[in-house]
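Engineer: I am attaching a structure below and will ask some questions about it afterwards.
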Amino acid sequence: MSLLQIDNLTVEFETSTGWFRAVDGVSVSVDNAEVLAIVGESGSGKSVSMLAVMGLLPATAKITADRMLFEGQDIQKLSGSERRKLIGKDIAMIFQEPVASLNPCFTVGFQIEEVLRIHLGLDKKARRARAIELFKLVGLPNPEERLNAYPHQMSGGQCQRVMIAIAIACDPKLLIADEPTTALDVTIQKQILDLIMDLQARTGMGLIMITHDMGVVAETADRVVVQYKGRKMEEADVLSLFENPQSNYTKALLAALPENATGDRLTTVSDFFDGNPEPAPTASATGVNA
Amino acid sequence: MSTDTMLEVRDIKRDYELPGGFMKPKKTIHAVKGVSFKLERGKTLAIVGESGCGKSTLARMITFIDEPTAGDLIIDGQKMDTRPGHLTSEMRQKVQIVFQNPYGSLNPRQKIGDVLGEPLLINTDMSANDRRDRATEMLIKVGLGPEHYNRYPHMFSGGQRQRIAIARALMMNPKLLVLDEPVSALDLSVQAQVLNLLADLQDEFNLTYVFISHDLSVVRYIADEVMVMYFGEAVEYGTRDEVFSAPKHEYTQTLFKATPKADVESIRARVAAKKAASAA
């Protein structure tokens, strides 16, 4: 049984010109201890599909799915309060903009202890101890002092470490990382990716890595889903995706990487779709996963 | 060789003073600590470094947005007098800049035609019709169309906006273009299009580029020369092949190691290592 299994997920938003389909019939599944990367450009619906799982989309969004199973339980059927017990505890998420996702009015210590209080019901002393332990785990120096700092007193990389500490505070079974390193420098990106992968290997949690960076995919994923304009283009294990991409969209993406440049101009995605403007998904990607 | 030097920077420095307060002495931050380089006409110099290393401050000094604390700036064989009020509009026209964020660098209340026409309005006495023709011509040159003339920035995608920002920078026929992370806000496929556009324009107008980036794969593709900055100093400077094949400074080596590798061999190695670890 998969840890998370989503079949035929569709998300629509109402606009002045009618319903806009941001995610169109996407099926995704993740196993325990597996790293799945969802890769796509902006507007491909990669974040929206995971926000739908987390229940973080606005009420105006229309979400339909044949099934949305977490550990065999359909999360669509859960009541609001049941779902809130699950989210942040068993399914946790790391967001793209660490500085913007932390509340500037509270210390980071307060924000991490809030999670521990609500989900685990720890008392004050136990919360403090666990928070210090978590800060040590994510590699923040002087955790005792750092707990009293406000987000603006920390760098972007440190804020992302706090976000990770909050996400893993309750030992989640599934961690969703939404572009966790996009706002960071390369050297810091390396540290954060190493940290996330190390935590994943140690705890054996499932990990969904949402990214637009093929380099990040290459360094982290076991399996990859490629999305384009809300539809799944291809699903493959990481090695076959890079070695032998099936869908023409994946081929185009890989060819557009500057390191794969041949000659003095880069291949652009549109070069691949001459006479065939819409990239087509592979046959295996359109079928619903069993 | 010396006649073909487009840009020369000699020991340029920039300090920022932080005001002190009660019981708090004044503090000086050395953002750029003496950087020197020479750049030939028609070539591209890439400046690499992490945030806060002074690469954008350097770009601001080259484009006269910021005044250097010390050092010389020689553009097209002419020593620039960077004191406020001493810059002629002719000097300013030689150097233009394209900023990182195409969403923040265009005025949302200004139509694209006015964005492109404004430099001409300020610097030349062209008639409105001529300005319109020039702007339309430039729109086509950067891969947009005449129909975009009357639109507002919010009607464009990120890649299109970056094309507009490039078109605006080219309106006064500059010789030197400073590109401050021009593609880091763009998607991979759009990034390829914009990089191709920059290469085409460089060939057509014999432009000299100072290309600021933190993405080493982009730098490797576009640069002739590479400079790596670290805490306000140039720790590595040489041709692209020198820097990429034999990085000397420790920081450059760290930077190379930290860059994700997307080639099949490294993925194979990683997958194998993971299998071995889980079997053990």
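Engineer: Express the Stokes-Einstein translational diffusion coefficient of chain A in µm² s⁻¹, to the nearest whole number, given a Kirkwood radius over alpha-carbon pairs, 20 °C and a viscosity of 1.002 mPa s.
Structural biologist: Rounded, D is 107 µm²/s.
Engineer: Something else: Report, largest value first, the span of the C-alpha coordinates of the stretch A:49-166 along each principal axis, in whole Å.
Structural biologist: For the stretch A:49-166, the Cα spread along each principal axis is 48, 29, 23 Å.
Engineer: Quick one: what Rg and Dmax do you get for the protein assembly as shown from the alpha carbons, in Å?
Structural biologist: Both quantities, over Cα of the protein assembly as shown: 25.6, 77 Å.
Engineer: Under 11 Å from the 7 Å Cα→Cβ point of residue A:155, by amide nitrogen: which residues of the stretch B:31-68?
Structural biologist: B:50-53
Engineer: Turning to a different aspect of this structure: Over the stretch B:1-58, how many percent of alpha carbon pairs lie in each 5 Å bin up to the one with the longest distance?
Structural biologist: Result, from short to long distances: 4, 14, 19, 18, 14, 11, 7, 4, 3, 2, 1 percent.
Engineer: Place a point 7 Å from the Cα of residue A:31 along the Cα-to-Cβ direction; which residues of the stretch B:256-272 have their backbone N under 20 Å from it?
Structural biologist: Output list for this probe position: B:268-272.
Engineer: Something else about it: Suppose a student asked you for the relative contact order of the stretch B:2-241, using Cα pairs under 8 Å spaced at least 6 residues apart; what percent would you report?
Structural biologist: Result for the stretch B:2-241 is 28 percent.
Engineer: Using alpha carbon coordinates only, what is the Rg to Rh ratio of the stretch A:95-134, with Rh defined as the Kirkwood radius?
Structural biologist: Value, to two decimals: 1.02.
Engineer: Packing-wise, with mean Cβ within 10 Å as the measure, how do B:16-24, A:221-229, B:148-156, A:244-252 rank, highest first?
Structural biologist: Peptide ranking by packing, descending: A:221-229, A:244-252, B:148-156, B:16-24.
Engineer: In addition: Exceeding 21 Å between C-alpha atoms, which entries from my cross-link table qualify? They are A:46/B:257; B:38/B:261; A:85/A:173; B:13/B:257; A:190/B:274.
Structural biologist: A:46/B:257; B:38/B:261; B:13/B:257
Engineer: List every DSSP H helix in chain A whose Cα atoms extend 24 Å or more along the helix's own long axis and whose mean Kyte-Doolittle hydropathy is at least 1.0. Mind dumping the intermediate values first?
Structural biologist: Working: long enough: A:186-203 (25 Å, 0.31).
The qualifying helices: there are none.
Engineer: Quote the FRET efficiency, to the nearest 0.05, computed for residue B:4 versus residue B:200 with a Förster distance R0 of 30 Å and r equal to the Cβ-Cβ distance.
Structural biologist: Efficiency, rounded to the nearest 0.05: 0.85.
Engineer: I'd like the FRET efficiency for residue A:66 and residue B:249, computed as 1/(1 + (r/R0)^6) with the beta carbon distance as r and R0 of 45 Å, rounded to 0.05.
Structural biologist: Between residue A:66 and residue B:249 the formula returns 0.20.
Engineer: Continuing with the same structure: So, in Å, what gap is there between the alpha-carbon centers of the stretch A:89-109 and the stretch A:122-196?
Structural biologist: Centre-to-centre distance over Cα atoms comes out at 9 Å.
Engineer: Rank-order B:225-234, A:195-204, A:13-22 by packing density, defined as the average count of other C-beta atoms within 10 Å over each peptide's residues, highest first. Present the calculation step by step, with values, prior to reporting the outcome.
Structural biologist: On the way: B:225-234: 21.7, A:195-204: 15.6, A:13-22: 11.1.
Per-residue Cβ counts within 10 Å, averaged per peptide and sorted highest first, yield B:225-234, A:195-204, A:13-22.
Engineer: What Kirkwood Rh does chain B have if only Cα atoms enter the pairwise 1/r average? Answer in Å.
Structural biologist: In chain B this quantity evaluates to 20.6 Å.
Engineer: Separate question: Based on the alpha-carbon gyration tensor of the stretch B:50-197 and its eigenvalue square roots a ≥ b ≥ c, which shape applies: rounded if a/c is under 1.5, prolate if not and a/b is larger than b/c, or oblate?
Structural biologist: oblate
Engineer: Here's another thing I want to ask about it. Once the Cβ-Cβ distance between residue A:144 and residue B:278 is put in as r, and R0 is 41 Å, what FRET efficiency do you end up with, to the nearest 0.05?
Structural biologist: Taking R0 as 41 Å, the efficiency between residue A:144 and residue B:278 is 0.70.
Engineer: Can you give me the three principal axis dimensions of the stretch A:38-106 from its C-alpha atoms, in Å, biggest first?
Structural biologist: 35, 32, 24
Read the figures in this text as sums done on the coordinates, not as results from a lab. What you see is a predicted model; the values in this text were computed from it and never measured. FYI the Cβ positions are ideal-geometry reconstructions off the backbone, even for glycines, and counts take in every protein chain you see.
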